[in-house]
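J.: Have a look at the structure that comes next, please.
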Amino acid sequence: MNIQLYAIGKTDQKLIEELTEIYTKRLGHYINFDFTIIPDIKNTKNLSVEQQKNEEGKLIMKQLETSDFVILLDENGKEFSSVNFSAYLQKRMNTGLKRLVFIIGGPYGFSTEVYSRANSKLSLSKMTFSHQMIRVFFIEQLYRAFTILRNEPYHHQ
């Protein structure tokens, strides 16, 4: 199985990029993982929030394959402990999926079309984080999940 993470917009924060690279490299020891940034929509000041979400949604939908299991990182999604998240990943891997796709939307969330396509929603916290920070948090949690599945000493209980 491959795990794919899509995120809208690049970050201009070098520290976030560095941390993302560190955990992406670590994660590569466990699974085929790819992190893809979907470019920001240009001239958003001329668009309503719904128009911006719809334009971002079109770009997201172009990336998806019909066989993908799609999970949106969304504030209204299901919350897991790290251990439960690792069990959730294992369950998904056991189904024989080709690609498990996680998506971090833009600042206003997702279009109706993207919500309709999603198989599930996941929340990392009831708190709100920047769309740049959530990348690092999520990739680190993926890494943590695989260390839990392998009984490696990274996660402490």
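J.: All but one of (1) over 17 Å from Leu5 (Cα atoms); (2) open to solvent by less than 50 Å² (accessible area, probe 1.4 Å); (3) among the basic types (Lys, Arg) hold for Lys126; which doesn't?
T.: (2)
J.: Residue by residue through the stretch 25-40, note down the ones that are assigned to a helix (DSSP H, G or I) and surrounded by 19 or more Cβ atoms within 10 Å (Cβ to Cβ).
T.: Leu27
J.: Something else: Step by step: first the residues of the stretch 41-84, then only those that are touching an Asp or Glu at 6+ places or on another chain (Cβ under 9 Å) and among the hydrophobic types (A, V, I, L, M, F, W, C), then the one that is least open to solvent (accessible area, probe 1.4 Å). Which residue is that?
T.: Ile60
J.: Can you name the residue in the stretch 130-157 that is in a loop (DSSP other than H, G, I, E, B) and under 13 Å from Ala87 (Cα atoms) and is also nearest to the chain's Cα centre (by Cα) among such residues?
T.: In this case the residue turns out to be Arg150.
J.: Give the stretch 76-104 a look and list any residue that's among the basic types (Lys, Arg) and outside any helix (DSSP H, G or I), or say none.
T.: Quick first cut of the stretch 76-104, residues among the basic types (Lys, Arg) only: 78, 91-92, 98-99.
Those that are among the basic types (Lys, Arg) and outside any helix (DSSP H, G or I): Lys78, Lys98, Arg99.
J.: Suppose we keep only residues that are modelled with pLDDT under 95 and either of a type in the set (Ser, Thr, Tyr) or in a helix (DSSP H, G or I) (or both) within the stretch 1-14. Which one would you say is farthest from Thr95 (Cα to Cα)?
T.: Lys14
J.: May I ask you to list the residues in the stretch 3-20 that are open to solvent by 60 Å² or more (accessible area, probe 1.4 Å) and either over 26 Å from Glu55 (Cα atoms) or touching a residue at least 24 places away in the same chain (Cβ under 8 Å) (or both)?
T.: Lys10, Gln13, Lys14, Leu15, Glu18, Leu19
J.: If you go through the stretch 99-116 one residue at a time, do you hit one that is surrounded by fewer than 20 Cβ atoms within 10 Å (Cβ to Cβ) and closer than 26 Å to Glu152 by Cβ?
T.: Step one: list which residues in the stretch 99-116 are surrounded by fewer than 20 Cβ atoms within 10 Å (Cβ to Cβ), which gives 99, 107-109, 112-113, 115-116.
Retained after the next criterion (residues that are closer than 26 Å to Glu152 by Cβ): 99.
Yes, the stretch 99-116 has at least one match.
The values are calculated or read from the model by the stated rules, or taken from the named source; none is laboratory data. Bear in mind the structure is a predicted one, so any value in this text is a computation, not a measurement. So basically every Cβ, Gly included, is an ideal-geometry build from the backbone, and we count neighbours across all protein chains shown. Ligands, DNA and RNA are excluded from the accessible area calculation, which covers all protein heavy atoms including side chains. Shrake-Rupley method; radii C 1.70, N 1.55, O 1.52, S 1.80 Å.
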